[in-house]
Structure formats: structure tokens, C-alpha cells
Amino acid sequence: MRLDFSGERVLAVVAHPDDAEVLCAGTLARAGCDGATLGICVLCRGDRGQPAKPIANLAAVRRKEMAAAAKLLGAVLLRGEFGDGQLVDGPTQRQKLTELYRRFRPTLVLAHWKEDYHSDHRAAGALAEAVSWFCASAGHRTQAAALSSQPALWWMDTMNMTGFEPGFFVDVSEQIDLKRRLLACHQSQLRRSGDGDFAPLEEQRYDKPKPVGRRPA
Ligand SMILES: [Zn+2]
């Protein structure tokens, strides 16, 4: 089986400003090569993941970084503007995400696995699952009209596949250089390499997937 993303509208729904670049930028880039329309929806501001030497206006810095990465990828950037560490699957958050879905009109959504290590990621995954259903329900009213059909929903790998059993992998070996450049947009996170509790992006970008699951693509 060969994946073909042509004609798709692919939306990554993530918690934090660098999550799409870490977890699914290769897949997005590959979809873009096939002619898909790309979107990244970042639900949190990225206002609390400070490096050892704190950045005063961190949310503004990270907003610029995610905008630069989205531009480089050729993706539309949508923002939820919720606080870091505060994301929950609640009515306000569902309403906001439903509006964003209906603005972008995805046919395929990439979302955090619901048992991810980070509570914001878990909430983002639960929100994406709920809204992928309700976005096509006219009874859930927003400013934009309901979608005519629900998008497909794919779960993303967790960091190092902790607690995640993939159904398939997407081969992004031809997109690795672009993924590196996308990660490099997030300098405020790359600078966190001195943190005791933070594994820097630089060391994670070449992680090889473990040989489990099926590999149709
Ligand atoms: Zn994150």
C-alpha cells in the first residue's frame, strides 16, 4: 500500500507550539509534497515551558517560532490560546476547537494519543477525538457552518513510542531535512538542553522507530 495525500486537507491538532514539528512534521511534509492542504492547530500558548534562563515574553517568542515553522512548511496556523498545563476536555475547549475545524475543514486529523505522557497532550487527543465527530453535527453551533462529513483521525506516536502501539508507520525519510529545519525554528525549546527534566529536541529528531506493528507504507 502506498499512501497518497493528494486532495486531502490535513490538520495536526497539538497541545504545544513545537509538538507538530516533533511528532508529525514529516507526515505533514509528505502530505504537502502530494499536494495536500496543511494546517497546524496549536491549542496552548506555550507560556510555561521555560528554559533554565527564563524568557520574559515566552508566549510571544513561541508564537513567532510556530508561525515561522508553519510558513516554512506551507501550513495554515490556527491557535487555541489556552494556558500551558491547563488544557482539559471541556465544553469551552470543544466549542473553540469545533470552530477551528470548521474554518479549516480537515479531511484528515493527526492527534496526540490519548495515553500520552503529558496531560495537555492527553486532553488535546480527547478534544480532537470528540470534535472530529461533533464538527459534522449541525446541532453543535459555531459561527462557521458544520462540515458535511467527519474527517479521518490518525493518532500520532508518543515520544519514543511510550505506551503506544502503532497500526502503521509513514515513511518520512525523504522529509527528514525539512523536519530538521522545522525543529530549528523552535530555538527557545532547543535552548532547554540544560534542563534536568527536559530531553532536548536535537537528541530526539533521529530516533528510529522500534520494529513493532505493521508497515504498509
Ligand atoms: Zn507538547
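Rule-based calculations on the coordinates, nothing more; no lab input. As the structure is a prediction and not an experimental result, all values here were calculated from the model. Backbone-built Cβ (ideal geometry, glycine too); neighbour counts: all protein chains shown.
With the cut-off at 1.5 for a/c, could you classify the range 31-128 from its C-alpha gyration tensor as rounded, prolate or oblate?
Numbers: a/c = 1.79, a/b = 1.17, b/c = 1.53.
Cα axes put the range 31-128 in the oblate bin.
Please compute the length gained on full extension between residue 59 and residue 137, using 0.36 nm multiplied by the number of residues separating them and subtracting their Cα-Cα distance.
On the way: separation 78, 0.36 × 78 = 28.08 nm, distance 3.34 nm.
Here the segment from residue 59 to residue 137 would lengthen by 24.7 nm.
Shape call for the range 44-86 from the C-alpha gyration tensor, a ≥ b ≥ c root eigenvalues: rounded (a/c under 1.5), prolate (a/b greater than b/c) or oblate?
Details: a/c = 2.93, a/b = 1.52, b/c = 1.93.
Oblate, since a/c reaches 1.5 and b/c is not below a/b.
Classify the range 1-61: rounded, prolate or oblate, from the alpha-carbon gyration tensor (a ≥ b ≥ c, eigenvalue square roots; a/c under 1.5 rounded; otherwise prolate if a/b is larger than b/c)? Walk me through the numbers before you get to the answer.
Numbers: a/c = 3.72, a/b = 2.87, b/c = 1.29.
Prolate, since a/c reaches 1.5 and a/b exceeds b/c.
Using the Cα centre of the chain as origin and beta-carbon charges of +1 (Lys, Arg) and -1 (Asp, Glu), tell me which of 125, 10, 76 is placed farthest towards the positive end of the dipole.
Selected residue: 76.
Just to confirm a number: summing +1 for Lys and Arg and -1 for Asp and Glu over residues other than residue 11 whose beta-carbon lies under 12 angstrom from that of residue 11, what do you get?
Details: positive: 9, 102, 103, 105; negative: 8.
My count for the surroundings of residue 11 gives +3.
How many nm separate the modelled label positions at residue 191 and residue 4, each set 7 Å beyond the Cα in the direction of the Cβ?
Distance between the two pseudo-spin positions: 4.6 nm.
When only DSSP loop residues count, what trypsin sites (Lys or Arg not before Pro) in the range 1-37 have their Cβ near at most 16 other Cβ atoms within 10 Å?
Numbers: sites: 2, 9, 30; in loops: 2.
In loop regions of the range 1-37 (DSSP not H, G, I, E or B), the sparsely surrounded trypsin sites (Lys or Arg not before Pro) are 2.
Helix-only estimate, please: 222 nm mean residue ellipticity of the chain, summing -39500 (n - 2.57) across DSSP H runs of length 4 or more and dividing by its residues, to the nearest 500. Spell out each step's value before the answer.
On the way: 8 runs with 77 residues, N = 217.
Estimated from H runs of four or more residues: -10500 deg cm²/dmol.
In what sequence, highest mean first, do 184-190, 13-19, 121-127 appear when ranked by Cβ atoms within 10 angstrom? Let's see the in-between values first.
On the way: 184-190: 19.1, 13-19: 28.0, 121-127: 24.0.
Descending mean neighbour count gives 13-19, 121-127, 184-190.
Considering every Cα-Cα pair within the chain, what fraction, in whole percent, is farther apart than 26 Å?
Numbers: 7322 of 23436 pairs.
Of all Cα-Cα distances in the chain, 31 percent exceed 26 Å.
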